[in-house]
1. Looking at (1) open to solvent by 80 Å² or more (accessible area, probe 1.4 Å); (2) touching a strand residue (DSSP E or B) at 6+ places or on another chain (Cβ under 8 Å), which one does Pro16 not meet, given that it meets all the others?
2. Considering only residues that are in a loop (DSSP other than H, G, I, E, B) and in contact with a strand residue (DSSP E or B) (Cβ under 7 Å, 6 or more places away or on another chain), which ones fall in segment 102-119?
3. Tally the residues that are open to solvent by 40 Å² or more (accessible area, probe 1.4 Å), over 24 Å from Ser141 (Cβ atoms) and more than 21 Å from the chain's Cα centre (by Cα), restricting the search to segment 67-122.
4. Residues being at pLDDT below 90, within 30 Å of Ser13 (Cα to Cα) and surrounded by 10 or more Cβ atoms within 10 Å (Cβ to Cβ): count how many of those fall in segment 42-63.
5. Among helices (runs of 4 or more DSSP H) lying entirely in segment 1-101, which contain 2 or more residues that are in contact (Cβ under 8 Å) with a residue 40 or more places away in the chain?
6. Those residues that are within 21 Å of Gln79 (Cβ to Cβ) and open to solvent by 60 Å² or more (accessible area, probe 1.4 Å), I need them from segment 123-143; list them, please.
7. Return the total of residues in segment 89-143 being more than 24 Å from Gly62 (Cβ to Cβ), at pLDDT 90 or above and of a type in the set (Gly, Ala, Ser).
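The values are calculated or read from the model by the stated rules, or taken from the named source; none is laboratory data. Predicted model only: the values in this text are computed from it and were never measured. Note: ideal-geometry Cβ built from the backbone for every residue, glycine included; neighbour counts use all protein chains shown. Quick note on the areas: whole protein, heavy atoms, side chains included, nothing else; ligands and nucleic acids left out. Shrake-Rupley method; radii C 1.70, N 1.55, O 1.52, S 1.80 Å.
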Amino acid sequence: PPDAPASRDHIISENPETGVIFIAGGKWTTWREMAEEVVDRVVGKDGPKCTTLKTKLFGGDGYTKTLSIELIQKYSMLQEVAEHMAKSYGARAWEVCETIQPTGKRWPRFGNLLVDNYPYTDADVSWACKEYACTIEDVLSRR
């Protein structure tokens, strides 16, 4: 029905005539789990298991649980901004923060917020452009 809530579940199915396996639905935040399920289905029970969930993403090497604290100590940024940087970029947050601009305030010293009450800064936009964002939608929806 048109007024029904959107489902975030995914389904894996196989075309009985062609044997093509496809996936539909899901969420951006579960794409690795979805990929693992599809790969395991394609290779079958006797094939090797998918290891995507064990594979570190960019920023995984060098990540520590104290990264956000270290960012605050070096850049005098808001805790919410530091936590966002650590969660979004992992250890690459150091590279992202190299592009962060001073606020001109006593506190926070770095991290000009794009919108009040959200942790996104000028550095997020400049980093997105380094990663080939071409449109506003690339920056806002695909990061």
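1. Among (1) open to solvent by 80 Å² or more (accessible area, probe 1.4 Å); (2) touching a strand residue (DSSP E or B) at 6+ places or on another chain (Cβ under 8 Å), Pro16 violates only (2).
2. Thr103, Arg109, Gly111, Asn112, Leu114
3. Residues in segment 67-122 being open to solvent by 40 Å² or more (accessible area, probe 1.4 Å), over 24 Å from Ser141 (Cβ atoms) and more than 21 Å from the chain's Cα centre (by Cα): 9 in total.
4. 3
5. Answer list for segment 1-101: 79-89.
6. Arg143
7. Here the count works out to 1.
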